[in-house]
Every structure is written in structure tokens, then in C-alpha cells.
Amino acid sequence: MLVDDKGGIQLDASWLAVLGDEFDKPYMQSLKDFLIDEKAKGKIIFPASSRWFAAFNNTPFDKVKVVILGQDPYHGPKQAHGLCFSVQPNIKIPPSLVNIYKELATDLNIPVSTNGCLEHWAEQGVLLLNATLTVENGQAGSHQNKGWEEFTDKAIQVLNEQRENLIFILWGSYAQKKGAFIDAQRHLVIKSPHPSPLSAYRGFFGSCPFSQTNTYLKSKNKKAIDWQIN
């Protein structure tokens, strides 16, 4: 199993039941070796090892209602804590999340928050999943193609196959490619440009993903998400 330098990482039991076999596969051993080697070289890795699986531990498999796909953790100090697009409390809100909050305000008339920690969403069943779960300090994309993508692909696969009536929110071409196999007859798939300042004006603004999500949940007799971040 992939472990940190203190001997282990607790993965929620509901996820371990569907992903546990992945930890014995060669790609995961290679990923483990890579991370151990990087730490041995004195490199700083974000988020902290105790938070690598935070998306899964905050949102158990059987509680998932919505999946938002990101790409990499933030690579600046004190930002990443294991949930895509989310930053730790009292940290400046990154540009993409600023735009997510703007769209939320337009979509559902929810005031723009000054808190960038999205744990409130995760606790309600919003899986905030990055494709790659670690990154080197200051080096965007530095842990891509080391094995994490295969692991997170498997997570999406089991959700697609073993759950019904989920909402997959795919912002940008990377997320849409990663989620291309999702069964749109079985689940609601919401696609738009990425909320990055480089692309948000190409169709992210006005896409109404939050109201679409809640309308769908209600149609399936599920509780809507309270998107307000205090």
C-alpha cells in the first residue's frame, strides 16, 4: 500500500473496498518509490502526506452525489489540502476559485465568500477530486504521469459503474477528456470551459452548473447541495 513516512495513510473504508486492489499493482508501487525518492532528495511535496487522500476521506464512496474534477494540487505554500479548487482557511483565494464563486453568485444568488475552503461541499457529497494528488513545491504539474492519474481514473470508473444518478462536473478540456467514458445515460454530465481567467469568459460564466446540479438532485429525490461557503 502507498504509505507516508510515518507508516501509513488511512483511506476511508468505503473507498478501500472498491480501490484497495489498486495499491498492489505495479503502477502504485512505482508511484510509492517515486514519492519516497523525492522526499529523500529533500523536496517539499504538497499537500501534506496526511492529506493525499482527503477527497476520498471527506466524501465516502457511498455518500458521493457530485464529482468535480480538477487537475493538480496548488503548488504554493499552505494552499493545497487535498480537495480540488479548495485552499486552506485564511489563504488568498486563487483566480479559478474566484471565478467559481462569481458563477455561483450569478447562478444561485449566493454571496461571494472570502473563505476558499470547500470542505462544506465535500461533507455534503461533492467529491473534489484532482487527477494528480501530489505536486512539488513551486513546480506545477511535476507529479503528472507518475501513477496518480491511473488511480483517479479507477475511482471515476467505479463511481460510473457502481453508482447511479451522480453529477459529474467537467470544467475544461482536461477534465472532459478524463471523464469521456462516463455513462451520460446513467449520470448527469455537465461540461463547460474551465473557470481559469484564461477561459472563463468562453462559456464558463453563465453555464449554471450549481443550479443544474440541484435541479437534478431534487428530480432524483435527493437533498440539494448547500453551496454557500461561510
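Just a few scattered comments:
- Most fluctuating residue given options N214, N109, N160, as computed from a GNM of the chain linking Cα atoms under 10 Å: N109
- Accessible area per residue for the chain, computed on protein heavy atoms with a 1.4 Å probe, is 46 Å².
- Carbon/sulfur fraction of accessible area - the range 170-226, other protein chains in place, 1.4 Å, %: 52
- Dipole of the chain, positive end: most advanced residue of S49, P197, N109 [Cβ charges, Cα centre]: N109
- Here the relative contact order of the chain, from alpha carbon pairs under 8 Å that lie six or more residues apart, stands at 22 percent.
- For the chain, a Gaussian network of Cα nodes joined below 10 Å ranks L83, L108, L159 by mean-square fluctuation, and the top entry is L108.
- Each Lys and Arg Cβ is given +1 and each Asp and Glu Cβ -1; about its Cα centre, the chain then shows a dipole of about 560 debye.
- The chain: angle of helix 209-219 to the longest principal axis, Cα-based, in degrees nearest 10: 80
- Centre-to-centre, using Cα atoms only, the range 146-174 and the range 21-57 are separated by 19 Å.
- Between K92 and T106, full extension at 0.36 nm per residue minus the direct alpha carbon distance yields a gain of 2.9 nm.
- A simple rule links phi to the HN-Hα coupling: the Karplus curve 6.51 cos²θ - 1.76 cosθ + 1.60 with θ = phi - 60°, which for the range 41-53 gives 7, x, 6, 8, 10, 10, x, 4, 4, 5, 10, 4, 9 Hz, with x for Gly and Pro.
- Tensor-based shape of the range 164-230 (alpha-carbon gyration tensor, a/c under 1.5 rounded, otherwise prolate or oblate): oblate
- Debye, to nearest 20: dipole size of the range 83-156, +1 on Lys, Arg Cβ, -1 on Asp, Glu Cβ: 180
- By the Stokes-Einstein formula, at 0.890 mPa s and 25 °C, the chain with its Kirkwood radius over alpha-carbon pairs has D equal to 137 µm²/s.
- On Cα atoms only, tilt of 26-40 relative to the major axis of the chain in degrees: 70
- For the chain, the longest principal axis of the C-alpha atoms and the axis of helix 148-162 are separated by about 50°.
- Charge tally in the Cβ shell below 11 Å around L170, where Lys, Arg are +1 and Asp, Glu are -1, L170 excluded: +3
The values are calculated or read from the model by the stated rules, or taken from the named source; none is laboratory data. All figures in this text were calculated on a predicted structure; none of them were measured in a lab. Quick reminder, even Gly has a Cβ in these numbers, built from the backbone with ideal geometry, and neighbours come from all protein chains shown. With ligands, DNA and RNA removed, areas are computed over all heavy atoms of the protein, side chains included. Shrake-Rupley method; radii C 1.70, N 1.55, O 1.52, S 1.80 Å.
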